[in-house]
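Peer 1: Take this structure first; my questions come after.
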Amino acid sequence: MAHITLKDIAHSYTGESDNPYDYALKELNLTWRDGGAYALLGPSGCGKTTLLNIISGLLTPTRGQVLFNDENVTRLPTEQRNIAQIFQFPVIYDTMTVFQNLAFPLKNRGRSKTEIEPRVIELARMLGLEKDLYTKAQHLTADAKQKISLGRGLIRQSVNAILFDEPLTVIDPQMKWELRSQLKYLHKQFGFTMIYVTHDQTEALTFADEVIVMYEGEIVQVGTPEALFERPEHTFVGYFIGSPGMNITPCELQGNRIVIEGHEITLDCTYTDQPSSAKIEVGIRPEYLRLAPPQEKGLPVKIIKIDDIGRHKIARVAVNERIFHVVMPEISAMTGDHASLAFDTAHTNIYVNDHLIAGERP
Ligand code: ADP
Ligand code: MG
């Protein structure tokens, strides 16, 4: 096993170019710890598969280096990198049994029957495939076939890393949860470095210890699920993570005060003056906003809609044209359409040109 370093990697499918828009991956640097459980999260088209294929060797980057430990593998073919990769759709042999499919990567490398058999049986049990071990893959459901793919990726004990590219796309929603927990368990058991690509925040946050968020070919934040929730470093992270995402709205900033639509809020921190051309926004998660009766302190808002989603309520409110979402366990005793919106200032973030800035505590 190895730690993997991406050094000044950039990729353009049309080759070297001076135009930044040609790059599916802008310049990035990243180290993946040996044995880490990572998720690569971002919307469709942001460059996740491109990055994964650069690690596995299916793609040679236009610029930069890929290092396994300290060895430069940038130009090594996939077979020499000792990586297992699992794709969106099952890659298996339909005419082989489940047993034969799982055994194949080991058999191919000349491993003995006595080594192969217990391993296949153990893995089949972990994936819930044991009753189908001697059934041909072609007779199985799409779910089961993808489990075989997962198994083929997990069967070798000495891989440098296992890369999963949206592997649960074809899996039933119910089954997804179960398989994801199994992957997490397998990670704990075997200690492989795992990189799990997804556009689904729930998948990323439940699987990974560390999440890498990508947006338009760039890494916008690397952090624990908690850090992504509490302190999004980029407005995209705030917006993409959470349901509903972070409220992000333009404001004026003066020292420790912000002004939204003419209403002032005093913050916990003081910020340095920003250039007049800067785009300044305040970001606050719906969970850190509170609706109070209109006579209480806060931003005067109009309630547009309240959705009851069981566990909590989601209110959509407006200050003039600015919309905010508020998540509260209960929204009670609210008469009429008007309310006061209170900010939890300990969880209020300031963004300049989409990037989080730090303030000074008094
Ligand atoms: P993701 O996996 O996050 O959906 P991809 O890495 O597949 O994103 O794609 C990133 C960008 O690169 C997209 O704009 C996509 O259209 C482009 N792209 C992907 N594969 C190719 C290719 N083989 N040739 C040209 N452009 C590609
Ligand atoms: Mg992809």
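Only the coordinates and a few stated rules stand behind these numbers; no lab work does. Since we're looking at a predicted model, the values are computed, not measured. No Cβ is skipped: glycine too gets one built from the backbone with ideal geometry, and neighbour counts run over all protein chains shown.
Peer 1: Just how far, in whole angstrom, is segment 51-82 from segment 94-163 if you go by their alpha carbon centroids?
Peer 2: Rounded to whole Å, the Cα centres lie 26 Å apart.
Peer 1: Hey, got the Cα dimensions of segment 44-171 along the principal axes, in Å, largest first?
Peer 2: Each principal axis gives a Cα extent; for segment 44-171 these are 47, 36, 23 Å.
Peer 1: Starting from segment 65-141, pick out the chymotrypsin sites (Phe, Trp or Tyr not before Pro) whose DSSP state is loop and whose Cβ has at most 10 other Cβ atoms within 10 Å.
Peer 2: Of the chymotrypsin sites (Phe, Trp or Tyr not before Pro), the ones in loops of segment 65-141 whose Cβ has at most 10 other Cβ atoms within 10 Å are Tyr134.
Peer 1: How far, in degrees from 0 to 90, does helix 142-154 lean away from the longest principal axis of the Cα atoms of the chain, to the nearest 10?
Peer 2: That works out to roughly 80 degrees.
Peer 1: Of Tyr351, His199, Ile171, which is farthest towards the positive pole of the chain's charge dipole, taken about the Cα centre with +1 and -1 on the beta-carbons of Lys, Arg and Asp, Glu respectively?
Peer 2: Going by the charge dipole, the pick is Ile171.
Peer 1: Related question: To the nearest 20 debye, what is the magnitude of the charge dipole of the chain about its Cα centre, counting +1 on the Cβ of each Lys and Arg and -1 on the Cβ of each Asp and Glu?
Peer 2: For this selection, approximately 1360 debye.
Peer 1: Over segment 269-320, what lengths in whole Å, largest first, do the semi-axes of the equivalent ellipsoid take, defined as the square roots of 5 times the eigenvalues of the alpha-carbon gyration tensor?
Peer 2: 28, 14, 12
Peer 1: How large is ³J(HN,Hα) for each residue in segment 207-213, as worked out from phi by the Karplus curve 6.51 cos²θ - 1.76 cosθ + 1.60 (θ = phi - 60°), to whole Hz, x for Gly and Pro?
Peer 2: Each residue of segment 207-213 in turn: 7, 9, 7, 9, 10, 9, 9 Hz.
Peer 1: Also: Have a look at Ile155, Ser112, Val73 and report the one farthest towards the positive end of the charge dipole of the chain, computed about the Cα centre with Cβ charges (Lys/Arg +1, Asp/Glu -1).
Peer 2: In the chain, that residue is Ser112.
Peer 1: Let me ask you something else. Convert each backbone phi in segment 130-138 into a coupling constant with the Karplus relation 6.51 cos²θ - 1.76 cosθ + 1.60 (shift: θ = phi - 60°), then list the ³J(HN,Hα) values in order as whole Hz, x for Gly and Pro.
Peer 2: Using θ = phi - 60°, the values come out as 5, 6, 9, 3, 9, 9, 6, 4, 4 Hz.
Peer 1: Output wanted: per-residue J couplings in Hz (rounded whole) for segment 94-99, from phi through Karplus 6.51 cos²θ - 1.76 cosθ + 1.60, θ = phi - 60°, x for Gly and Pro.
Peer 2: 4, 8, 8, 6, 4, 4
Peer 1: If the viscosity is 1.002 mPa s and the temperature 20 °C, what Stokes-Einstein diffusion coefficient in µm²/s follows for segment 168-211 when Rh is the Kirkwood radius over Cα pairs?
Peer 2: D, rounded to a whole number, is 197 µm²/s.
Peer 1: Compute the distance in nm between two label points, each set 7 Å from the Cα along the Cα-to-Cβ direction, one at Thr206 and one at Asp8.
Peer 2: Those two pseudo-labels are separated by 4.2 nm.
Peer 1: Report the equivalent ellipsoid semi-axes for the chain in whole Å, largest first, defined as the square roots of five times the eigenvalues of the gyration tensor built from alpha carbon atoms.
Peer 2: On the way: eigenvalues 423, 135, 47 Å².
So the three semi-axes of the chain are 46, 26, 15 Å.
Peer 1: Let me ask you something else. Classify segment 247-357 as rounded, prolate or oblate, taking a ≥ b ≥ c as the square roots of the eigenvalues of its Cα gyration tensor: rounded when a/c is under 1.5, otherwise prolate if a/b is larger than b/c and oblate if not.
Peer 2: Prolate shape, in that a/c is at least 1.5 and a/b is the bigger ratio.
Peer 1: Taking the 0 to 90 degree range and rounding to the nearest ten, how far is the long axis of helix 173-190 tilted relative to the main principal axis of the chain, both from C-alpha atoms?
Peer 2: Taking Cα atoms only, the helix is inclined about 70 degrees.
Peer 1: A further question follows. Helix 113-126 sits at what angle to the longest principal axis of the chain, using alpha carbons and giving 0 to 90 degrees rounded to 10?
Peer 2: That helix lies at roughly 30 degrees to the long axis.
Peer 1: Only loop residues by DSSP count here, and only those with at most 16 other Cβ atoms within 10 Å; note down the GluC sites (Glu not before Pro) in segment 253-362 that meet that.
Peer 2: Glu261, Glu296, Glu321, Glu330
Peer 1: With labels modelled as points extended 7 Å from the Cα through the Cβ direction, what inter-label distance (nm, one decimal) is found for Glu115 paired with Asn72?
Peer 2: 3.2
Peer 1: Further question: Using label points projected 7 Å from each Cα along Cα→Cβ, tell me how many nm separate Glu16 and Arg63, to one decimal.
Peer 2: The answer from the label model is 1.1 nm.
Peer 1: How much FRET efficiency would the formula 1/(1 + (r/R0)^6) give for Ala346 and Asp34, where r is the Cβ-Cβ distance and R0 is 30 Å, rounded to 0.05?
Peer 2: Taking R0 as 30 Å, the efficiency between Ala346 and Asp34 is 0.25.
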